[in-house]
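Taking it in order: structure first as structure tokens, then the write-up.
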Amino acid sequence: MCCSFEGMASSDKPEIVDRDAREKDPKEDDKDEEKGGFMDKVKDFIQDIGEKIEGAIGFGKPTADVAEIHVPTINLEKAEIVVDVLIKNPNPVPIPLIDINYLIESDGRKLISGLIPDAGTIPAHGEETVKIPIRLVYDDIKNTYADIKPGSIIPYRIKVDLIIDVPIFGRITLPLEKTGEIPIPFKPDIDVENIKFERFSFEETVAVLHLRLENKNDFDLGLNDLDYEVWLSDVSIGGAELEKSTKLDKNGISYIDIPITFKPKDFGSAVWDMIRGKGTGYSMKGNINVDTPFGAMKLPISKEGGTTRLKKSKEDGGDDDDEE
């Protein structure tokens, strides 16, 4: 028995073979190779055909860019922003603009975001300017971020994702970004330093309002027009027009003179108290129209509970050097 053990050949040892590999017919390997080669050829063929179609009939990915940003309305309550996005379609068929996602942030903090569904169609071999209207409500911003103060200028970043459906390419997203600055306006303070009349009569008096305006914004205001009304005591003496535009320096105080004409006989004791130097209560309410680096604004002005008096000119027996 010993000899029979020693005489066992190495080739007689059991061979460990993977079951799947043992049972697989060699002919199947050839089939797999043929199948793989066929699929590769099909992929190459499809890619080649796609490139030829794109080259022959102009299929390609659309392009988009932010053409301009408008601020049609800005006041103490809100800023309305319109983002013009120019989209070019090189394809021979129209492509639908499925969705528009937008986000406005400042220093990494979200101010507002939104979605515009079914935003239209870009014509074949054409271009279209898509307008994205966005409204920033200042109270929402100030309530969320207490460090954003009225009168300040904050940086912003607009992010837009255009989702479109293009033949051959399928659904794709075109991301866009644009940066800029937007103000948080603060209304100017207004005071009547004094009212000086140039010509006095019971029927008609020509006076000049000496106004003090304080601009609390971090940007200049170009004062173009005033729309306001003045009350002496409880009687309205009307309004006046600005004779020339005036620059209100940022974080500064400016003085302007406004002529006004009224009839003293219509106002009773209020005017006589002013003439006798006693002074009288006044109030002002209205709006000022200003130009800013961010567009035109209409800002309210108001002053209640002030006291002033009329001052006569030298020609009318007064002393211009008198203390106001």
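The values are calculated or read from the model by the stated rules, or taken from the named source; none is laboratory data. As the structure is a prediction and not an experimental result, all values here were calculated from the model. When we count neighbours, we look across all protein chains shown, and the Cβ atoms used for this are built from the backbone with ideal geometry, even at glycine. Protein only, heavy atoms only, side chains kept; ligands, DNA and RNA dropped before computing areas. Shrake-Rupley method; radii C 1.70, N 1.55, O 1.52, S 1.80 Å.
Here is how the numbers come out for the structure above:
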quantity: Probe 1.4 Å, protein heavy atoms only - accessible area per residue of region 79-198 in square angstrom; calculated: 47 Å²
quantity: Peptide ranges 248-255, 96-103 listed from the most packed, as the mean C-beta count within 10 angstrom indicates; calculated: 96-103, 248-255
quantity: Region 124-178 - Rg over Rh from alpha carbon coordinates, Kirkwood radius; calculated: 1.17
quantity: Virtual spin-label span in nm between SER254 and SER152, 7 Å along Cα→Cβ; calculated: 2.5 nm
quantity: Förster-model FRET efficiency, 30 Å R0, GLU203 and ASP227, C-beta, rounded to 0.05; calculated: 0.65
quantity: Theoretical FRET efficiency, 1/(1+(r/R0)^6), r = Cβ-Cβ of ASP234 and LEU76, R0 41 Å, to 0.05; calculated: 0.90
quantity: Residue-span extension gain [SER245 to ASP107] - 0.36 nm each, minus C-alpha spacing; calculated: 46.1 nm
quantity: Net lengthening on full extension, ASP218/ARG135 (0.36 nm per residue, minus Cα-Cα); calculated: 27.7 nm
quantity: Along each principal axis, Cα extent of region 99-218, largest first, Å; calculated: 85, 36, 19
quantity: Relative contact order computed over region 68-110 (Cα-Cα under 8 Å; 6+ residues apart), in percent; calculated: 24 percent
quantity: Above-threshold pairs, the threshold being 28 Å between Cα atoms, out of LYS149/LYS244; LYS244/LYS285; LYS61/LYS178; LYS131/LYS187; LYS78/LYS247; calculated: LYS149/LYS244; LYS131/LYS187
quantity: Gyration tensor (alpha-carbon) shape descriptor, region 169-270, a/c threshold 1.5; calculated: prolate
